[in-house]
1. Out of all the residues in the stretch 512-529, which are farther than 18 Å from residue 235 by Cβ and hydrophobic (A, V, I, L, M, F, W, C)?
2. Residues of the stretch 347-364 being more than 21 Å from the chain's Cα centre (by Cα) and without any contact (Cβ under 8 Å) to a residue 60 or more places away in the chain, which ones?
3. Going by the conditions given, is residue 341 modelled with pLDDT under 80 and either farther than 30 Å from residue 96 by Cα or assigned to a helix (DSSP H, G or I) (or both)?
4. Return yes when residue 521 is modelled with pLDDT of 90 or more, assigned to a strand (DSSP E or B) and either of a type in the set (A, V, I, L, M) or touching a His at 6+ places or on another chain (Cβ under 8 Å) (or both) and no when it is not.
5. Of the conditions (1) out of contact with any Pro (no Cβ under 9 Å at 6 or more places or on another chain); (2) surrounded by 16 or more Cβ atoms within 10 Å (Cβ to Cβ); (3) over 30 Å from residue 249 (Cα atoms), residue 343 clears all except one; give me its number.
6. Got a number for residues in the stretch 141-163 being crowded, with 22+ Cβ neighbours inside 10 Å and hydrophobic (A, V, I, L, M, F, W, C)?
7. Picking from 469, 489, 440, 511, which residue would you name as being surrounded by fewer than 22 Cβ atoms within 10 Å (Cβ to Cβ) and under 26 Å from the mean Cα position of the chain (by Cα)?
8. Suppose the filter is buried (at least 16 other Cβ atoms within 10 Å of the Cβ), over 21 Å from residue 602 (Cβ atoms) and hydroxyl-bearing (Ser, Thr, Tyr); does residue 585 pass it?
Amino acid sequence: MITELGHFALILAFLVAIVQMVVPMIGAHKRWPGWMAVAEPAAQAQFFFTAFAFAALVWAFVTSDFSLRLVTLNSHSAKPMLYKISGTWGNHEGSMLLWVLIVSLFGAVASVFGGGLPQTLKARVLSVQAAIGVAFFAFILFTSNPFLRLVSPPFDGQDLNPLLQDPGLAFHPPFLYLGYVGLSMAFSFAVAALIEGRIDAAWGRWVRPWTLAAWIFLTIGIALGSWWAYYELGWGGFWFWDPVENASFMPWLLAAALLHSAIVVEKRESLKSWTILLAILAFGFSLIGTFIVRSGLLTSVHAFANDPERGVFILFILAFFTGGALTLFAARAQQMQAKGVFGIVSREGALVANNILLAVSCFVVFFGTLWPIVAEMAFARKLSVGPPFFNAAFTPFMVLLGMILPVGAMLPWKRGKLGQTIWYLRYVLVLSVALGVLAWAMQTSRSGLGPIGLFIGSWVVFGAAADLWSRTGKVGQIGRLLRLPRADWGKAVAHAGLGITIFAIAGLTAWEEEDIRVAKIGEPFTVGGYELVLDAVDRARGPNYFTTMATVSIFKDGADVAVLHPEKRTYPVAKMPTTEAAIDYRLLRDLYVVIGDQQADGGWTVRTYIKPLANWIWGGCLLMALGGLLSLSDRRFRVAAGARKGAGAAKVPAE
């Protein structure tokens, strides 16, 4: 009964979304207040019905209702409760329902907290947001219905993909979708502004909190996915340039560019066309990511579907929204006149350089991700584009970005003096260079990657601190520092997080140690100054799997360090093995052990990695997200910009 009600609620949400898409848009065009007012209750009703449908699907998974086809294919009665719940979105149909739930959530939140928006703009924003919902409701109901019943329900289900039965993957998709789909609000604001004929400083202030919220969620989601790949796949890597990883990374890069571009619109009423274009492209790349994950175009260890027919449907959605928005942009772009003028050496100029580097790096990733498909279709050649290409092509843009960041953040608006800003940062530069030289002198290898990473990371982190300190006045007052706006603190914390992540990635890549050997029980072996002993290998049974678990004792200088238990699991229902790495987490390094297969001589294959600064990667990501949260909590983001909405609007012809 609950399942049928959930299905019915999903259909009602689809119908409400159609009303919300049509009526407020006509009302805004005709200036009919009653029709425009429909947008708010419709957005809230759409969210209510979608949330009920999603809750009904969760209930079906929790209660192991195997009369539902989706539950049969993705659950099992013996599965732990956490993975029964996460199984709701650990598949194509359920994840798409989560997709539309978040679309409707953002629309409902905008309807409640958008009181400072002009009535016509608000109606159009909610109408465009509803149009996105309509497209995906149709996709779910006609091609990916999660509420299909089985005529003859089985006694038990086929279990969830074992790789997804992990806490990291339980929380990774919801955060990722909040970021992916959250960019739909920036898209809706951009399209509504083009239709409205108003793009000014107030619009820049309105769009920034939505973009910032989406960027925060996307940052957390990507970090969780990276952490999962690090400890779950058993390869010891934090990033593999996998197509699905790239699908989330590309919108993140464009969202970061959009955030900085919107600042220029708000402060200087410049870069309007560029900001609108970035808003369209950021959501467009979110749709591209959805297409990549679900079409079967590219394979991945955590793609949701392999169905070309569904992929074509998503491709039509992508073409309609992105193509339609770009067409509207082309029709109106020439009339979006920038008011503020600025010199090349200025904060605006630095933000333009920042945006160009982020956008170009995004298209480098896009090219590398899709080039194998293009080569196969156009030249009948099978090519593989892997980490060597991405590392070589992507890294220079990040190096340039890191070098520009501290200087650009301290340049004044409109016009500045480069030499004066660099002089202020002279101590930061000297300290960063000294740390890089020290790393070069202390390392045993002659690789420049680690020292250069430390130099750039230090330059960004200490540059952010210097920027914060400069805002206290010439003398530097602690009290004034504590009274700075949260947005200033948020910027400094986010930039520092980026610097830490850059250094951690460079240090881990340059200085990690790896050892692969056949180890016999009781015989010690040495890796990087640590002594490891394979004490035992036992077989046991988990809730829904069988495991081969090793016990590995680790010593250093005769003292106990840790006892680790790497595993190889086999899930009999899914008929799939997984590798469970055992990791001793420390501040400056991780000791990472993986057990392999038993050999003919009775020994076991053991892989051991010493990974310096691994935790700093995710710590830096969390700092970036924390910086975004600090900025989002700034009162200037939470107060409506209505007082500024009449100031200097850039008019373009209305419909």
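The values are calculated or read from the model by the stated rules, or taken from the named source; none is laboratory data. Please read all numbers here as calculations on a predicted model, not as lab measurements. Backbone-built Cβ (ideal geometry, glycine too); neighbour counts: all protein chains shown.
1. Within the stretch 512-529, 518, 519, 521, 525 qualify.
2. Within the stretch 347-364, just 353 meets the criteria.
3. Yes, satisfied.
4. no
5. (2)
6. 2
7. Result of the check over 469, 489, 440, 511: 489.
8. In short, no.
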